[in-house]
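What follows draws every value from the coordinates through simple rules; no lab data is involved. This structure is a prediction, so every number in the text was calculated from the model and none was measured. So basically every Cβ, Gly included, is an ideal-geometry build from the backbone, and we count neighbours across all protein chains shown.
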Amino acid sequence: MKLVECVPNFSEGRDKKILDEIAAAITQVKKVTLLDVDPGADTNRTVFTMVGEPEAIIEAAFQAIKKASELIDMSKHKGAHPRMGATDVCPLVPVSNITMEETVEYSKKLAKRVGEELGIPIYLYEYAATKKEWSNLAEIRKGVYEALSEKSQDPSWKPDFGPAEFNAKAGATAIGAREFLIAYNINLNSRNKKKANKIAKRIREKGYNKKDKDGNKVQIPGLFTNCKAVGWYIDEYNRAQISMNLTNYKITPPHIVLEKVRELAQEEGVVITGSELVGLMPKEALIQAGEYYLNKQGESTGIPEKMIIETAVQSMGLAELSPFDIDKKIIEYSIASQDNLVSLTLSEFADLLSTDEPAPGGGSVAALCNAISGSLTAMVSNLTFGKKKYKEHWEETKNLAIKGQEVKLKSLHAIDKDTDSFYAMMDAARLPKKTEEEKTIRDKAIQKATKQAIMVPLETLELSSEAVSLAKRIAQIGNTNAVSDAGVGAITAYAAARSAYYNVVINMSGITDDTFKENVILKAENLLAETHKISLEVEQILKNVL
């Protein structure tokens, strides 16, 4: 699932009623979770943090900006923080399974809609900026709200979207895309703030000043880009910390900074005892860290992602100062629905499946079979990796384990995705159909939902083809004591493929697009035939071994 974070800043920090109405505008949008509301009375500004699927985030952000423009009058606003609009700034942040380029396009989509429908001048900033100087928010906000009237007369300040006119009530808004910011602290076994600050200066991008042999100040660059750092002493913990903002963890990951700080700390005669995450972080950042430490240990990384994350938590000492609950500290886990199918126990899932509820059904079962196939490949691969007898295949089995885990995760996601697509069809069928216009809208909605209900099992079919190929390869090179498990992996992959195929076909009767029908059916038949062929090949491998 693609996930985007949105962090709009509103120019109101004192009136709870206004903030509650903005929050309500956000929470009414499905597939969006409002994670935090942080008001400031002195700044008269509130930062909202929400996360969700891109289209849903766009809708929630628009509704929040609209509500703010209705309730906040910038001509009467006073506050300590620089500001230029009722919604001052609204960045989108890629969290998982989405690129910065895609996020930029979503930010432009939001900016265009706000500008056109709400009549608010919009400036694109950071990665979305259309002018180099506008990549810096401070440059756009120069002169703040009070300068907007004059800027509206200057062609060089023509907004990217919306009218080139002064909007006295709503002001102007900066919308853009930026990387995720991780607030991260490293703990020392010392109360010496000076030593903490010395290390901080060496790692931060800004670096530090040093006198050369002639007594002149020379700027020494820091070791890490995208890193802001300072050393301080915390009474609560009775120790010094190096406090950081990492503004692009993909370039400067926290675990790499931690390892360098461990080296620098030795030079100062201090020891790193652990670290602390302030707020939340994307799952990818901790998975990267876990894989880094597992690779250093010579262990397989083709294990469940929560085990990888636990390795990171332990290696980085993230639970030293307080419990580290990954279900609360990792964005993807914190917003995960607790009432979805994959959260059920096996017996609960089987019980629900056996009732007269129309979903879950065969499509979800097909996806489950495929998840089991991927898991079995990972299992046999991990039973092979590290065994001396199979040393020549260690690298390949390690990769097969990783791929098996990927198939498992994608297939587990498809379990709920299949059921969701079924209910989307039901919702479309319930749309009103009294007038010709309503009938047309309803028919289009049904066609769209039905196509989606077909594409989900088709995706399972594609995953089945991948799963059976993985099962075949591990059957060929894997631990012979577990070759029967590889065989079961191939069989369950074929069962998933055949089951998914039938779920594709059954929904085709409602499709009026003949080209879509022909293309999808042909693809499904080819995938099914290929999966069947490979599954039979795996069975032959088993017969030869057994």
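Quick check on the exposure proxy: order 77, 532, 255 from fewest to most C-beta atoms within 10 angstrom.
Details: 77 17, 532 14, 255 20.
Ascending number of Cβ neighbours within 10 Å: 532, 77, 255.
Hey, fewest Cβ within 10 Å first, where do 30, 16 land in order?
Values: 30 10, 16 13.
Going from least to most buried by this count: 30, 16.
Between the beta carbons of residue 53 and residue 21, assuming R0 = 22 Å, the FRET efficiency works out to 0.40 to the nearest 0.05.
Apply 1/(1 + (r/R0)^6) to the Cβ-Cβ distance of residue 481 and residue 314, taking R0 = 30 Å, and write down the FRET efficiency to the nearest 0.05.
0.45
When the Cα centres of the stretch 128-184 and the stretch 420-460 are compared, how far apart do they sit, in Å? Centre-to-centre (Cα) distance: 40 Å. Put simply, the stretch 182-334 fits an ellipsoid with semi-axes of 29, 17, 14 Å; these come from the alpha carbon gyration tensor as the roots of five times its eigenvalues, largest first. Residues 354, 190 in ascending order of nearby Cβ atoms (within 10 Å, fewest first): 354, 190. With R₀ fixed at 45 Å, the C-beta to C-beta distance from residue 392 to residue 355 puts the FRET efficiency at about 0.35.
Qualifying trypsin sites (Lys or Arg not before Pro) in the stretch 410-449, where qualification requires a DSSP coil assignment and no more than 16 other C-beta atoms within 10 Å, comprise 430, 433, 434. Placing pseudo-labels 7 Å out from each Cα toward the beta carbon at residue 526 and residue 132 gives an inter-label distance of 4.7 nm. In the stretch 341-545, Cα pairs under 8 Å separated by at least six residues give a relative contact order of 27 percent. Above 42 Å, the calculated P(r) of the chain contains 35 percent of its Cα-Cα pairs. Applying 0.36 nm per residue to the separation of residue 150 and residue 116 and subtracting their alpha-carbon distance, the gain on full extension is 10.1 nm.
Let a ≥ b ≥ c be the square roots of the eigenvalues of the Cα gyration tensor of the stretch 292-444; is it rounded (a/c under 1.5), or, if not, prolate (a/b larger than b/c) or oblate? Let's see the in-between values first.
Working: a/c = 2.77, a/b = 1.91, b/c = 1.45.
Note, shape of the stretch 292-444 comes out prolate.
A full extension of the chain between residue 78 and residue 296 corresponds to an added length of 73.1 nm, given 0.36 nm per residue minus the alpha carbon distance.
With n ≥ 4 as the cut-off for DSSP H runs, can you work out [θ] at 222 nm for the chain, using -39500 (n - 2.57) per run divided by the number of residues, rounded to the nearest 500? Present the calculation step by step, with values, prior to reporting the outcome.
On the way: 17 runs with 282 residues, N = 546.
Value at 222 nm, helices only: -17000 deg cm²/dmol.
Can you give me the relative contact order of the chain as a percent, contacts being Cα pairs under 8 Å and 6 or more apart?
Details: 1057 pairs, mean separation 49.3, N = 546.
Computed over the chain, the figure is 9 percent.
The slack between residue 230 and residue 430, meaning 0.36 nm per residue of separation minus the straight C-alpha distance, is 66.2 nm. So for the stretch 439-519, what percent of the C-alpha to C-alpha distances run longer than 15 Å? Summing the P(r) tail past 15 Å for the stretch 439-519 gives 63 percent. Any chance you could check the Cα centroid distance between the stretch 521-542 and the stretch 316-339 for me, in angstrom? Their Cα centres are 41 Å away from one another.
Summarising the label geometry, the points placed 7 Å from Cα in the beta-carbon direction at residue 28 and residue 166 lie 3.3 nm from one another. When +1 charges are put on Lys and Arg Cβ atoms and -1 charges on Asp and Glu Cβ atoms, the dipole computed for the chain relative to its Cα centre reaches about 1900 debye.
Placing unit charges on the Cβ atoms of the charged side chains and taking the dipole of the stretch 160-215 about its Cα centre, the candidate lying farthest along the positive direction among 209, 180, 190 is 190.
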